[in-house]
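Bear in mind that the values in this text are calculations on the coordinates, not laboratory data. Because the structure is a prediction, the values reported are computed rather than measured. Counting neighbours? That spans all protein chains shown, and the Cβs are built from the backbone with ideal geometry, glycine included.
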């Protein structure tokens with residue numbers, strides 16, 4: 001459990017015990033009001049990519065989800081949850097760099113915090129719902145960034161994504177998953193491989 005402004009947050013920390021991690025990944029789950037939890041398949045795959053790349057991976061439930069205390073807070077309080085998770089990682093792994101990843105709502109909340117927090121060195125956004133949420137904050141971010149997006153994602157259509165990507169400064173990488181919907185149905189292996197390649201090369 002992670003201490004937070006609303007009590008404690010349920011969390012799952014994983015790494016290969018044979019290899020002490022020098023880098024950690026924080027993974028944020030999709031919308032709490034639409035079934036998003038730390039056990040989401042995309043979130044699980046992101047964490048798996050991190051551990052296979054030699055990272056420690058922390059997944060957690062936002063306030064009001066699972067065993068986490070508190071209640072949904074329109075993304076504002078959830079940003080505090082991300083900061084609480086970063087505080088936890090800073091204490092648990094004081095000499096480790098942090099990569100921040102998020103899927104859908106988790107990308108909107110997590111990347112907004114990671115863009116500003118100096119403890120976060122790199123960002124990974126999965127399935128950005130640009131049709132409904134504003135990712136304009138990425139236009140000011142010069143940290144390394146990976147965006148993984150399905151070409152058939154109705155919540156992040158390619159034309160809107162193209163406009164956002166054109167406005168984001170380098171370094172940046174976009175991985176289009178051909179034929180994938182918002183949840184990367186049937187394409188999770190490709191998503192995991194794209195994340196791992198970015199983690200190992202950045």
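With a 10 Å cut-off between alpha carbons and a GNM built on the chain, which of 97, 11, 131 moves the most?
Maximum among the listed residues: 131.
Under 8 Å for C-alpha pairs, at least 6 residues apart: give me the relative contact order for region 33-166, rounded to a whole percent.
Once divided by the residue count of region 33-166, the mean separation gives 16 percent.
Eigenvalues of the Cα gyration tensor times 5, then square-rooted: what semi-axes does that give for region 110-202, in whole angstrom, largest first?
20, 16, 11
At what distance in angstrom do the alpha carbon centres of region 1-75 and region 92-139 lie from each other?
If you average the Cα positions of each part, the centres end up 13 Å apart.
Would you please give the FRET efficiency between residue 181 and residue 39, computed as 1/(1 + (r/R0)^6) with r the Cβ-Cβ distance and R0 = 22 Å, to the nearest 0.05?
About 0.70, to the nearest 0.05.
At 0.36 nm per residue, minus the direct Cα-Cα distance, what do residue 140 and residue 87 gain on full extension? Give it in nm, one decimal, please. Don't skip to the answer; put the middle values down first.
Numbers: separation 53, 0.36 × 53 = 19.08 nm, distance 2.36 nm.
Gain in length upon complete extension: 16.7 nm.
Note down the relative contact order for region 1-45 as a percent, whole number, built from C-alpha pairs under 8 angstrom at least six residues apart.
Once normalised by length, the contact order is 21 percent.
When the chain is modelled as a GNM with alpha-carbon springs shorter than 10 Å, which of 144, 129, 30 fluctuates the most?
144
Between residue 197 and residue 163, what length comes free when the chain is fully extended (0.36 nm per residue of separation minus the Cα-Cα distance, one decimal in nm)?
Extra length from residue 197 to residue 163 when fully extended: 9.7 nm.
Helix-derived [θ] at 222 nm for the chain: sum -39500 (n - 2.57) over DSSP H runs of at least 4, divide by residue count, nearest 500?
Details: 5 runs with 65 residues, N = 202.
Calculated at 222 nm, the ellipticity per residue is -10000 deg cm²/dmol.
Nearest-5 percent of antiparallel DSSP beta bridges in the chain?
Within the chain, antiparallel bridges account for around 20 percent of the total.
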